[in-house]
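Working notes for the structure below.
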Amino acid sequence: MDATKQTLSGDQLNQTLSQLPEWALEDGKLVRYWTFPGFVQAMEFVEGIAQLAEREQHHPDIDIRYNQVKLALVSHDAGGITERDAHMARRISQAVAGP
């Protein structure tokens, strides 16, 4: 089986979440929320995430509600959270934290 399509075990998922405290498990997905001063800032953030997702070739589900953004990661083709999702969550957290 392709390792990128193998879902994480419960222990692996718990380890991932302990390394990424700003992320949570919600409805079988890795999720994180952000709040910005306004809509334009939220959209600028989403544009940056879109560029990162294209480079990584792994795209989060994105929900925008005025100044609030929710990103959700799950490998639909694997039927759950994989190392590819954990990697993308780490990349997003690094990008948000800055260089």
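Go ahead and estimate [θ] at 222 nm for the chain from helices alone: -39,500 (n - 2.57) per DSSP H run with n ≥ 4, summed, over the residue count, rounded to 500. Don't jump to the answer; show the numbers that get you there.
Details: 3 runs with 43 residues, N = 99.
Theoretical 222 nm ellipticity from helices: -14000 deg cm²/dmol.
Cα-Cα pairs above 19 Å in the chain: how many percent? Intermediate values should be presented prior to the final figure.
Values: 1937 of 4851 pairs.
Here the tail beyond 19 Å accounts for 40 percent of pairs.
Does anyone have the angle between helix 83-97 and the longest principal axis of the chain? Alpha-carbon axes, 0 to 90°, nearest 10?
That works out to roughly 30 degrees.
When only C-alpha pairs under 8 Å and at least 6 residues apart count, what is the relative contact order of the chain, in percent?
Worked out over the chain, it gives 34 percent.
Which shape class applies to the range 28-71: rounded if a/c is under 1.5, otherwise prolate when a/b exceeds b/c and oblate if not, where a ≥ b ≥ c are the square roots of the Cα gyration tensor eigenvalues?
Details: a/c = 2.91, a/b = 1.34, b/c = 2.16.
Oblate is the answer for the range 28-71, as a/c is 1.5 or above yet b/c matches or exceeds a/b.
Compute the distance from the alpha-carbon center of the range 60-83 to that of the range 32-58, in whole Å.
12
Show me, for the range 60-65, the HN-Hα J-couplings you get by feeding each phi into the Karplus relation (A = 6.51, B = -1.76, C = 1.60, θ = phi - 60°), rounded to Hz, glycine and proline as x.
Ordered by residue, 3J(HN,Hα) equals x, 6, 10, 10, 10, 10 Hz.
Enter the angle in degrees (range 0 to 90, nearest 10) between the Cα long axis of helix 10-19 and the first principal axis of the Cα atoms of the chain, meaning the one along which they spread out most.
Rounded to the nearest ten degrees, it is 30.
Since every read-out is calculated from the coordinates, none of them should be taken as a lab result. Since this is a predicted model, take the numbers as computed values, not measurements.
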